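The values are calculated or read from the model by the stated rules, or taken from the named source; none is laboratory data. Because the structure is a prediction, the values reported are computed rather than measured. Counting neighbours? That spans all protein chains shown, and the Cβs are built from the backbone with ideal geometry, glycine included.
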């Protein structure tokens, strides 16, 4: 088997075991949350009798042993059946899909902004090492890493309320319906999520570039008269990309987690509100499928990052 195919096959097997482990942990941990989903569904306006509890429990399949519930859930997933919400009766995948549009838009824009801003700033900080510009960037990045996204979102809201109180900052408008309003309401959430990621990524790019710029082949390229711009942006940056790409893959998971918190601050109808609501309602099918799909997305992104390694440096696949 060629080395690249063997590399891909090994990664796929690793990812399969990760997803199986996550599915088991998710299934068990959700059921350890205090509260009975059936009694919550019956509510306070209905007389809760043992007969009603058992009837509803049998209807939603919670009367079966936990091992059987897990096997049924996984079997349904493999058939493409993601289950039905205990509260709305709608297919879980429909509710997740509607909420995921908001979260994906927020995360993708924030990630693109972080990459576009952080890589040039990191290269600049490494090239201007020990200068006043490098010192300023390092101080700003340290401060940015320590700021929680939800706190940053609240501060940005206060600033906007003071400067432009009429600006629309809450709610969500689909991009296809009104692109201008969509970008307007997404601006503050994107900044809240992206700024800590930019700070983290600038530090990583700077460290990787400093290591690359100190290598012998960089001195050789300069001795041969290669232009400084080409030395920095082609030779040094290419070598520095591997740790940077690794960090981008990891930070994508941070973006997904940070987006969930920020969505609550800006009342965006994304996965954050959906997951929090599912926890409060003990909506097991919706909650466990949401967590598993988010995890699968993160795992898939890291798999793509592993493949990208082999493009940047072919020696990794060997």
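Within the stretch 149-159, the residues that satisfy the criterion of being without any contact (Cβ under 8 Å) to a residue 40 or more places away in the chain and either surrounded by 15 or more Cβ atoms within 10 Å (Cβ to Cβ) or within 21 Å of the chain's Cα centre (by Cα) (or both) are 151, 156. Annotation: residue 205 fulfils all but one of (1) surrounded by fewer than 17 Cβ atoms within 10 Å (Cβ to Cβ); (2) under 23 Å from residue 133 (Cβ atoms); the unmet one is (1). Return a yes/no flag: does the stretch 291-306 have any residue that is outside any helix (DSSP H, G or I), under 20 Å from residue 93 (Cβ atoms) and touching a residue at least 60 places away in the same chain (Cβ under 8 Å). Checked against the condition, which is being outside any helix (DSSP H, G or I), under 20 Å from residue 93 (Cβ atoms) and touching a residue at least 60 places away in the same chain (Cβ under 8 Å), the stretch 291-306 yields no hits at all.
Scanning the stretch 99-122 for residues that are surrounded by 14 or more Cβ atoms within 10 Å (Cβ to Cβ), modelled with pLDDT of 85 or more and either touching a strand residue (DSSP E or B) at 6+ places or on another chain (Cβ under 6 Å) or farther than 30 Å from residue 202 by Cβ (or both) turns up at least one hit.
Restricting attention to the stretch 123-141, the residues that are part of a helix (DSSP H, G or I) and either surrounded by 14 or more Cβ atoms within 10 Å (Cβ to Cβ) or touching a helix residue (DSSP H, G or I) at 6+ places or on another chain (Cβ under 8 Å) (or both) total 11. Say we look at the stretch 264-275 and pick out the residues that are within 16 Å of the chain's Cα centre (by Cα) and either at positive phi or assigned to a helix (DSSP H, G or I) (or both); which of these is surrounded by the most Cβ atoms within 10 Å (Cβ to Cβ)? Residue satisfying both the conditions and the ranking: 271. So which helices (runs of 4 or more DSSP H) stay within the stretch 1-97 end to end and still have 3 or more residues that are surrounded by 14 or more Cβ atoms within 10 Å (Cβ to Cβ) and modelled with pLDDT of 70 or more? Those helices (runs of 4 or more DSSP H) span 3-31, 66-78. Is it true that residue 221 is farther than 14 Å from residue 103 by Cβ, assigned by TED's automatic domain parsing to the domain that holds residue 141 and at pLDDT 80 or above? So residue 221 fails the test. When the residues of the stretch 183-198 are filtered to those that are more than 16 Å from the chain's Cα centre (by Cα) and touching a residue at least 12 places away in the same chain (Cβ under 8 Å), the one that is surrounded by the fewest Cβ atoms within 10 Å (Cβ to Cβ) is 184. In the set (1) buried (at least 16 other Cβ atoms within 10 Å of the Cβ); (2) in contact (Cβ under 8 Å) with a residue 40 or more places away in the chain, the condition left unmet by residue 170 is number (1).
On the basis of being in a helix (DSSP H, G or I), in contact (Cβ under 8 Å) with a residue 12 or more places away in the chain and surrounded by 20 or more Cβ atoms within 10 Å (Cβ to Cβ), does residue 221 make the cut?
Values: in a helix (DSSP H, G or I): yes; in contact (Cβ under 8 Å) with a residue 12 or more places away in the chain: yes; surrounded by 20 or more Cβ atoms within 10 Å (Cβ to Cβ): no.
The answer is no for residue 221.
Annotation: residue 212 fulfils all but one of (1) under 30 Å from residue 150 (Cβ atoms); (2) at pLDDT 80 or above; (3) surrounded by 16 or more Cβ atoms within 10 Å (Cβ to Cβ); the unmet one is (1). Against the test of being modelled with pLDDT of 80 or more and in the same structural domain as residue 211 (by TED's automatic domain parsing), the options 286, 237 yield a single qualifying residue, 286. Taking the conditions (1) within 21 Å of the chain's Cα centre (by Cα); (2) in contact (Cβ under 8 Å) with a residue 40 or more places away in the chain; (3) closer than 19 Å to residue 192 by Cα in turn, residue 143 satisfies each one other than (1).
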